[in-house]
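A.B. asks: One structure, pasted below without further comment.
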Amino acid sequence: MNRSLALIGCGRISFKHIEAAVTNAGRLRLVACCDPRLDRAEAKAAEYTKALPQGSVAVYSDYKDMLQIERPDICAITTESGLHSKISIDCSAAGSHVLVEKPMALSTSDADDMIGAAYAAGRSLTVCFQNRFNAPVQRARKALEAGRFGRMLHGAVQIRWNRDEAYYSEAPWRGTWALDGGTLMNQCTHGIDLLQWMMGEDAVRVQAVTRRYLRPIEAEDFGAAIVEFASGAVGIIEGTADAYPTNLNETLSLFGSTGTVVIGGLAVNRIEAWRFADARAKGDSEDLVINPSEKDPSSVYGFGHSALYSEVLDAIEAGREALVSGTSGIKALEIILAIYQSQKTGMPVDLPTRFSTSEMEGYFGVHP
């Protein structure tokens, strides 16, 4: 079945959704692009029709008009983070499946409302954590599910990127508590999702420190946290937007009683260590490094969007939840909000908790 797709929000990340729509053209067709700035919607429509000349794409400045006229099967939401919740709920109520960019919302209550709206409408809600579909990540996940790690002991994620003043001035909503959050919420959420996904998806306690060192924003540009999981395993998070002079790496390290895996590169795209007790039986070398000369992706967004779209289509057709359903995607958000709460209170935070970026308003004072 060829399902219709509408793109709501035509800014920085939208080209990856156009790319995914083109890649999945046999199952999906883009029917509308929507953005308050019509020139941006027109540019994305042209990007799609250049790749797939057969048929036109409508453009809208108001997504509510688009929902009434086009009635798309799926809506991809790539707007400012603080607008995700309302738009997602409206799309679900209009009968569309929803694929929402990270973070799904800026508060636990808004995220719960999004999940509830999709459930009430009988539609799916998927969070765009495309790095779960990176080939090395998929390989590590299969090893985890096969029990090759033994007992998971600890894991770590480091996101060492650079977001300069030009990045924030390009879109003034970035780095604000009302519409974005800081580097943990925007840049590090993918790595935090991968860490908790591999460590059991059952975080129970978070303690953290965050700082605003260099960037002209309201929120943090650095954060570090320790996450405890129900099994007793420990996760370590380090994230910065201050790496000099450019993006350095995003690395996920996993340590079990019988296995160690490190996935690095610019955006968790390259295996750097692969060591398992059963390596000989599985045909692995004792220290397998896959494609050590593999080039980094052209952007930190990586290669996963097309595979994510394909999996969402599979899930809709099968009537099952997608891999990164709302109930799965909310887990990284809860950890990040607990990090903020821990910074504000100076105390560890037990999960689940209820918190919002709005509760951090003014925390660091006037931005520099």
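A.B. asks: Taking all pairs of different Cα atoms in segment 302-368, averaging 1/r and flipping that mean, what Kirkwood radius in angstroms comes out? Walk me through the numbers before you get to the answer.
C.D. replies: On the way: mean 1/r = 0.0681 Å⁻¹.
By the Kirkwood definition, the hydrodynamic radius is 14.7 Å.
A.B. asks: Here is a follow-up. Give me the percent relative contact order of segment 231-271, please, defined on Cα pairs under 8 angstrom at least 6 residues apart.
C.D. replies: 30
A.B. asks: Please tell me which of these pairs span more than 30 angstrom C-alpha to C-alpha: K44/K64; K282/K331; K44/K86; K86/K331; K64/K102; K102/K282? Spell out each step's value before the answer.
C.D. replies: Working: K44/K64 19 Å; K282/K331 32 Å; K44/K86 23 Å; K86/K331 20 Å; K64/K102 21 Å; K102/K282 36 Å.
Where the Cα-Cα span goes over 30 Å, the pairs concerned are K282/K331; K102/K282.
A.B. asks: Jot down the radius of gyration and Dmax of the chain, Cα atoms only, both in angstrom.
C.D. replies: Using the Cα atoms of the chain, the pair Rg, Dmax is 20.2, 60 Å.
A.B. asks: Tell me, M104, M152 in order of fewest to most beta-carbon neighbours within 10 Å? Working shown, then result.
C.D. replies: On the way: M104 28, M152 21.
Lowest count first: M152, M104.
A.B. asks: Follow-up question, since we're still on this one. Across segment 124-193, what fraction of all alpha-carbon pairs, as a whole percent, falls in each successive 5 Å bin from zero upward?
C.D. replies: It works out to 3, 12, 16, 20, 17, 12, 9, 6, 4, 1, in whole percents.
A.B. asks: In whole percent, what relative contact order does the chain give with Cα contacts below 8 Å and a gap of six or more residues? Walk me through the numbers on the way to the answer.
C.D. replies: Numbers: 830 pairs, mean separation 66.7, N = 368.
Computed value for the chain: 18 percent relative contact order.
A.B. asks: Which of Y48, Y363 has the fewest other C-beta atoms within 10 Å, and how do the rest follow up to the most? Please report the intermediate quantities before stating the final value.
C.D. replies: Working: Y48 24, Y363 16.
With the sparsest Cβ surroundings first, the list reads Y363, Y48.
A.B. asks: Under 4.7 Å Cβ to Cβ, no partner at all: give me those cysteines from the chain, in residue order.
C.D. replies: C10, C33, C34, C128, C188
A.B. asks: Please give, to one decimal in nm, the separation of the simple spin-label points placed at A277 and V209, each 7 Å out from Cα toward the Cβ.
C.D. replies: Here the modelled spin labels are 3.6 nm apart.
A short reminder: the numbers here are calculations on the coordinates, not readings from a lab. What you see is a predicted model, and the numbers here were worked out from it, not measured in a lab. In this analysis, Cβ positions are derived from the backbone assuming ideal geometry, glycine residues included, and neighbour counts consider all displayed protein chains.
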